Amino acid sequence: MKLQLPDRTIEVFTVISRQEDLQEYFTDDIKPAVQLSDEYGFSGMLLFQSNRGNIEPWVFGQELLANSVSLSPIVAVNPVYMHPFTVAKKILTLCGFYGRKVYLNLITGTSKSDMVSLNDYLEHDKRYDRLIEYTKIIDALLRGDGPVTFDGTYYQVSNLQLSSKIREDILPDYFVAGSSEGAQKALIELNATKLGMAKPEGHLHNGEFQPPQKKSVHFGIVAREERDEAQAALKSIFPESKSNQEIQEYSMKNTDAVWKKEMQQYSNQTDNHTYSLVPFKNFKADCPYHVGSYEDVAEVIKGYVINGLSSMIIEIPPGEAEHWHISKVFKLAKDKLMSELYQAENNEFEFKF
């Protein structure tokens with residue numbers, strides 16, 4: 001699914017859900033999610049990476065490419081797991097074989113306890129410095145302008161190169177999430193897209209279209225014809241669980257992620273209009289949800305686009321019905337945006353971004 005407007009294209013990705021039972025995860029969640037994301041025309045899927053996750057994102061990325069017509073994976077890449085040369089080879093192979101782009105979600109860590117298990121004791125911002133070096137080597141190898149020599153603090157390579165290079169149009173795009181100074185530095189040096197969680201006021205705008213910017217927002221959607229129906233559906237999909245809330249509290253003590261701390265602060269607020277942290281509070285999602293009528297959520301999406309974002313990463317509860325509801329939201333959002341563009345043009349507002 002893409003929002004195609006006269007002056008820009010907004011890519012819309014989905015997210016695989018999280019499930020503890022491995023067999024159920026493959027048969028009941030992942031395969032149908034790939035099929036539905038492809039059928040409904042999404043741009044691709046975000047694939048998580050963690051010590052405790054059931055899915056190796058590179059393996060799943062290949063499965064996604066092999067079993068879809070147009071989807072591209074957003075693969076989470078952490079320097080602690082793999083040398084940059086290996087990452088570049090994987091991308092070269094997948095892009096060469098399937099002729100589609102592979103996106104990279106550049107991450108710096110996992111839970112504090114997992115980093116101890118991996119013997120990774122780098123300070124928070126230094127992990128971003130390492131990530132910058134890591135990605136620069138990957139990027140130089142894939143561009144194939146010649147042997148790569150790099151002498152950094154964390155990585156050193158000499159006359160390293162791949163046997164070929166991939167087409168310019170399918171070179172990877174990079175996402176970096178985070179609100180810290182280290183994350184901001186990485187965004188600038190890597191020319192990456194800023195990936196952020198939706199905030200209660202993030203979709204508000206002054207009515208004027210902003211130029212397209214390299215930023216993306218991550219949130220879930222539960223939408224129905226009427227707002228009350230959507231709220232009831234949310235409670236049904238994500239029932240309150242005291243035990244899960246206790247796990248969530250523990251997980252917050254086991255992380256140094258600035259964005260998670262920010263979300264925890266929002267969770268102490270009363271949910272605002274469509275913005276809900278019910279799934280987050282009950283350890284069922286790592287992102288906020290927008291919950292409401294088709295009209296409500298379409299207005300939110302319109303606001304994000306007017307604010308200039310370049311992509312969205314949408315978490316969708318399992319099942320075809322939820323994809324159908326969300327397709328209604330995006331159709332309505334596009335109609336609203338086209339109407340805004342028409343009015344802007346009639347008011348001599350020019351789109352030459």
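The values are calculated or read from the model by the stated rules, or taken from the named source; none is laboratory data. The structure displayed is predicted, hence computed values, not measured ones. For neighbour counting, all protein chains shown are included, and Cβ atoms are generated from backbone atoms with ideal geometry for every residue, glycine included. Note: areas computed on protein heavy atoms with side chains; ligands, DNA, RNA excluded. Shrake-Rupley method; radii C 1.70, N 1.55, O 1.52, S 1.80 Å.
Tabulated results
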item: Pairs where the first residue, in region 47-64, is of a type outside the set (Asp, Glu) and the second is at pLDDT 90 or above and assigned to a helix (DSSP H, G or I), C-beta under 7 Å, 6+ apart; result: Leu47/Gly61; Trp58/Lys90; Gly61/Leu94; Gln62/Leu94; Leu64/Val34
item: Residues of region 303-325 classified as of a type outside the set (A, V, I, L, M, F, W, C) and outside any helix (DSSP H, G or I), total; result: 8
item: In region 307-353, the residues that are modelled with pLDDT under 85 and among the polar types (S, T, N, Q); result: Gln343, Asn346, Asn347
item: Residue count, region 55-72 (criterion: of a type in the set (A, V, I, L, M), over 20 Å from Lys2 (Cβ atoms) and not in a loop (DSSP other than H, G, I, E, B)); result: 2
item: Unique residue being more than 30 Å from Asp145 (Cβ to Cβ) and either surrounded by 22 or more Cβ atoms within 10 Å (Cβ to Cβ) or modelled with pLDDT under 95 (or both) when the list is Gln49, Gln4; result: Gln4
item: Candidate set: region 82-113, residues that are assigned to a loop (DSSP other than H, G, I, E, B) and of a type in the set (Ser, Thr, Tyr); chosen: the one modelled with the highest pLDDT; result: Thr108
item: Subset of region 206-238 [in a loop (DSSP other than H, G, I, E, B) and either surrounded by fewer than 16 Cβ atoms within 10 Å (Cβ to Cβ) or of a type in the set (Ser, Thr, Tyr) (or both)]; result: Asn206, Gly207, Glu208, Gln210, Pro211, Gln213, Glu225, Glu226
item: Pairs, first polar (S, T, N, Q) in region 317-339, second surrounded by fewer than 18 Cβ atoms within 10 Å (Cβ to Cβ), C-beta under 8 Å, six or more apart; result: Ser327/Tyr40
item: Candidate set from region 100-109 (those that are open to solvent by less than 30 Å² (accessible area, probe 1.4 Å) and out of contact with any Gly (no Cβ under 8 Å at 6 or more places or on another chain)); member that is farthest from Gln62 (Cα to Cα); result: Gly109
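Every residue, every condition in (1) open to solvent by less than 60 Å² (accessible area, probe 1.4 Å); (2) closer than 18 Å to Pro318 by Cβ; (3) touching a Pro at 6+ places or on another chain (Cβ under 8 Å), yes or no:
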| residue | (1), (2), (3) |
| --- | --- |
| Tyr40 | yes, yes, no |
| Ser43 | yes, no, no |
| Leu65 | yes, no, yes |
| Pro73 | yes, no, yes |
| Asn78 | yes, no, no |
| Pro84 | yes, no, no |
| Thr93 | no, no, no |
